[in-house]
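Step one of this worksheet: look at the structure below.
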Amino acid sequence: LGPARFVPPEGEITELITSPDRSRLLGVRYEADRERHHWFDPERAALQARLEATFTGCDVRITSGSDDGTVMLVWVGHDREPGVYYVLDQRAGSLTQFKRTRELDPAQLSPRQPVRYRARDGLVIPGYLTVPRGTTGRNLPLVVHPHGGPFGVRDSWGYDGDAQFLASRGYAVLQPNFRGSGGYGREFLNRGRRQWGRAMQDDLTDGVRWAIADGIADPARIAIYGASYGGYAALIGVMLTPDLYACAVNYVGASDLELTFKQRGEDAWRAADEFSYQRAWVGETRAYRDETSPLNLVDRIRVPTLHAYGAEDPRVRINHWSRLEPLLQRHGKDYQAIVEGRQGHGFRNEKEAISFASALETFLARHLRDRPGAVQVGRPRVIEMPAKD
């Protein structure tokens, strides 16, 4: 093997771009805070430059084309535009709109910008901040919205339905790509090993501290809301840092780390010395996992919580909820629950999805308005925010 033809200055390569017959490598697409391209083919580089000059500030991708390369389908999107397809006819010199993926008015949506802050151990944590349009961007109620996965998954710049929904209701939305997230190299990914409820959660806490210290967030009006691993992070967040959040929303989140990744009978076929995802990535021993398993820490919750589960979830099975709810009742906790009998890992049917969104809106409005008593937190050692593109 020879030397690498191209190594991204930051982030990771997400796609190889080839000629239609796959005989030539034209370029690569890579992603850090934003999507970028590196071209080996001068003609394709020139075409990309013309398209990006036409659609300033947008992500632009050629998704398909004719064999001779004269007609192409071009996708264009940005943080307030889910995507528009155009037909580019190079012979005719025309660029014609073909289809919008959603009929939304970008002028009614809110900007979503890349941000960075430094965690307590010095690691720089990238992420995205959505600030409601028409606000000053200061002293806002904030929703921390960690992604699912958690490993190898990330949030990316562009249109995000959850962020826009929350921003339309007046909330700033912080989406940290905490350690363990994908897209930032193997070392960053590996820093998430066995850090459920530990350093990965600290990254979220430090994001809240950054937002408060920078004047973005009102410390008395902060919520944490996530799905899947994000639901776990919401649960453990109000248990490990009970004074930081005014409320939490757990959507199909894992409540018991001993059940997680052991739902499909893996112990029945895996030998003791073979790879175990649970041991390698969640925690090496049961005692270690129990330390940050939400079922063991319910008594620490001090704020209202909302929980949503699908009875037919194949990934986070309903027993995560059936074991959690009795403990919430035993400890006298203030909670609401939505259990949909015919839904799985997230509510896919329109009726159930709208019902959950309505419950989420009502819950956050009730618990993030006019909460007395600001939370006192320390200022992080270093704060970094890149200039907007």
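Based on a Kirkwood Rh over C-alpha pairs, give the Stokes-Einstein translational diffusion coefficient of the range 53-97 at 25 °C and viscosity 0.890 mPa s in µm²/s.
On the way: Rh = 10.9 Å.
The estimated diffusion coefficient comes to 224 µm²/s.
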Return the sequence-ordered ³J(HN,Hα) values of the range 183-191 in whole Hz as given by the Karplus equation 6.51 cos²θ - 1.76 cosθ + 1.60 applied to θ = phi - 60°, using x for Gly and Pro.
-> x, 10, x, 5, 5, 5, 4, 5, 5
Can you give the accessible area per residue of the chain, in Å², using a 1.4 Å probe?
-> 47
Can you check how the C-alpha radius of gyration of the range 172-321 compares to 2.2 N^0.38 Å, as a plain ratio?
-> 1.08
Between the Cα axis of helix 199-213 and the main Cα principal axis of the chain, the angle (0 to 90°, nearest 10) is 80
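Quick check on the chain: helices-only [θ] at 222 nm, where DSSP H runs of length 4 and up contribute -39,500 (n - 2.57) each and the sum goes over total residues. Nearest 500, please. Walk me through the numbers before you get to the answer.
Details: 9 runs with 93 residues, N = 389.
Counting only the DSSP helices, I get -7000 deg cm²/dmol.
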What ranking of 58, 247 comes out by heavy-atom accessible area, probe 1.4 Å, highest first?
-> 58, 247
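Could you look at the chain and say what percent of its accessible area is carbon and sulfur, using a 1.4 Å probe and all protein chains?
Values: 8730 of 18430 Å².
Carbon and sulfur atoms account for 47 percent of the accessible area of the chain.
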Estimated translational D of the range 81-237 in µm²/s (Stokes, Kirkwood radius over Cα pairs; 25 °C; 0.890 mPa s) = 147
In degrees, nearest ten, helix 350-367 long axis to first principal axis of the chain (Cα) = 60
In degrees from 0 to 90, rounded to the nearest 10, what is the angle of the helix 42-54 Cα long axis to the longest principal axis of the chain?
-> 60
Just 328, 129, 47 to compare: in a GNM of the chain, with alpha carbon springs under 10 Å, which one fluctuates most?
-> 47
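From largest accessible area down, sort 86, 117; use a 1.4 Å probe on the protein chains.
Values: 86 40, 117 5 Å².
From most exposed to least exposed: 86, 117.
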Can you give me the three principal axis dimensions of the range 1-135 from its C-alpha atoms, in Å, biggest first?
-> 52, 47, 20
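Computed FRET efficiency, Cβ-Cβ of residue 287 and residue 118, R0 41 Å: what is it to the nearest 0.05? Can you show the working numbers first?
Working: r = 31 Å, r/R0 = 0.77.
The pair residue 287/residue 118 has a calculated efficiency of 0.85.
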Of the listed peptides 283-294, 330-341, what is their order by residue-averaged count of other C-beta atoms within 10 Å, with the highest listed first?
-> 283-294, 330-341
Dipole magnitude of the range 1-58 about its Cα centre, charges +1 at Lys/Arg Cβ and -1 at Asp/Glu Cβ only, in debye to the nearest 20?
-> 200
For the range 106-151, Rg(Cα) over 2.2 N^0.38 Å is 1.40
Give me the accessible area of residue 281, 1.4 Å probe, in Å² rounded to the nearest 10.
-> 20
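Considering only DSSP beta bridges where both residues belong to the chain, give the percentage that are antiparallel (nearest 5).
Roughly 65 percent of the DSSP beta bridges within the chain come out antiparallel.
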The answer for the per residue Cα convex hull volume of the chain, in Å³, is 178
State to the nearest 20 debye the size of the charge dipole of the chain about its Cα centre, where the only charges are +1 on K and R beta carbons and -1 on D and E beta carbons.
-> 620
Taking R0 as 41 Å, what's the FRET efficiency between residue 213 and residue 1 from their Cβ-Cβ distance, rounded to 0.05?
-> 0.30
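The values are calculated or read from the model by the stated rules, or taken from the named source; none is laboratory data. Everything quoted here is computed from the prediction, not taken from an experiment. As a convention, Cβ positions derive from the backbone with ideal geometry for all residues, glycine included, and neighbour counts pool all protein chains shown. Areas reflect the complete protein model, heavy atoms only, side chains present, ligands, DNA and RNA absent. Shrake-Rupley method; radii C 1.70, N 1.55, O 1.52, S 1.80 Å.
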